[in-house]
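*Asks:* Here you go, one structure.
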Amino acid sequence: MALVKIHDFYPNYQDEIFGGTDIKGMDIYAGTTDEKIGTVYDILLDDTGRFRYLVVDTGFWIFGKKVLLPIGSARIDYDAKRIYAIGLVDKNQVEQLPEYDELQPIDYEYEERVRDVYRDRTAATGATAKPAASTTATRDRDSYNYDQEPDLYDRNDTDHRNLKLYEERLIANKDRYKAGEVTVGKRVETEV
């Protein structure tokens, strides 16, 4: 699936969707150690308008590297204006993530490298992830679907209450299509 930045998908998202505020710029902390990882640089959506990744700018922590955080691996605390990366504990784990380059398209192989790091974190932390459809199905390029890995991409009412509302609005406003066409012309007839 193609991934696009939220601004490219919905240019007026800040005012019309987030009410003038959004989560870009919020600080992201490691889920268990409360160590700051970076800040939200951007948000990536799939072609249906669903939130899939937060782009994390690690700043000087890892020499300005940008990495992806699947939305299901993030717990957003709106009151504290913080995001917690579930399953990431320290700098070494973030260094294992492939660097995000906004000038390069995100393909299946890149996403698999990102998912593998988070899959390993889920297994290492002993988190009880919802079972995927099957290991081969989740790793098959042609049949992969984000819904097959709910532990990485599912949003819940507690951790993502505002994102679900924003997402519903994005999807509702997404479908713009050519509904019809009018041809205007002039025809002159002379009768004798």
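*Asks:* Output yes when any residue across region 119-134 is out of contact with any helix residue (DSSP H, G or I) (no Cβ under 7 Å at 6 or more places or on another chain), open to solvent by 30 Å² or more (accessible area, probe 1.4 Å) and at pLDDT 85 or above, and no when none is.
*Replies:* Taking every residue of region 119-134 in turn, none turns out to be out of contact with any helix residue (DSSP H, G or I) (no Cβ under 7 Å at 6 or more places or on another chain), open to solvent by 30 Å² or more (accessible area, probe 1.4 Å) and at pLDDT 85 or above.
*Asks:* Just checking, which of Arg155, Arg113, Arg141 is modelled with pLDDT of 70 or more, out of contact with any Ser or Thr (no Cβ under 7 Å at 6 or more places or on another chain) and not in a loop (DSSP other than H, G, I, E, B)? Steps first, answer last, please.
*Replies:* On the way: Arg155 fails: not in a loop (DSSP other than H, G, I, E, B); Arg141 fails: not in a loop (DSSP other than H, G, I, E, B).
Going through Arg155, Arg113, Arg141 in turn, just one is modelled with pLDDT of 70 or more, out of contact with any Ser or Thr (no Cβ under 7 Å at 6 or more places or on another chain) and not in a loop (DSSP other than H, G, I, E, B): Arg113.
*Asks:* Look through region 174-190, keep the residues that are open to solvent by less than 100 Å² (accessible area, probe 1.4 Å) and under 30 Å from Asp8 (Cα atoms), and return whichever of them is modelled with the lowest pLDDT. Don't jump to the end; show me each part of the working.
*Replies:* In the first step, residues of region 174-190 are kept if they are open to solvent by less than 100 Å² (accessible area, probe 1.4 Å); the result is 174, 179-180, 185.
From the residues that got through so far, the ones that are under 30 Å from Asp8 (Cα atoms) too are 174, 179-180.
Details: Lys174: 54, Ala179: 75, Gly180: 78.
Looking at the filtered set, the residue picked out is Lys174.
The values are calculated or read from the model by the stated rules, or taken from the named source; none is laboratory data. From a predicted model like this one, the values you see are computed outputs, not experimental measurements. Glycine gets a Cβ as well: all are built from the backbone with ideal geometry, and neighbour counts include every protein chain shown. Accessible surface is based on the protein model in full, side chains and every heavy atom, while ligands, DNA and RNA are left aside. Shrake-Rupley method; radii C 1.70, N 1.55, O 1.52, S 1.80 Å.
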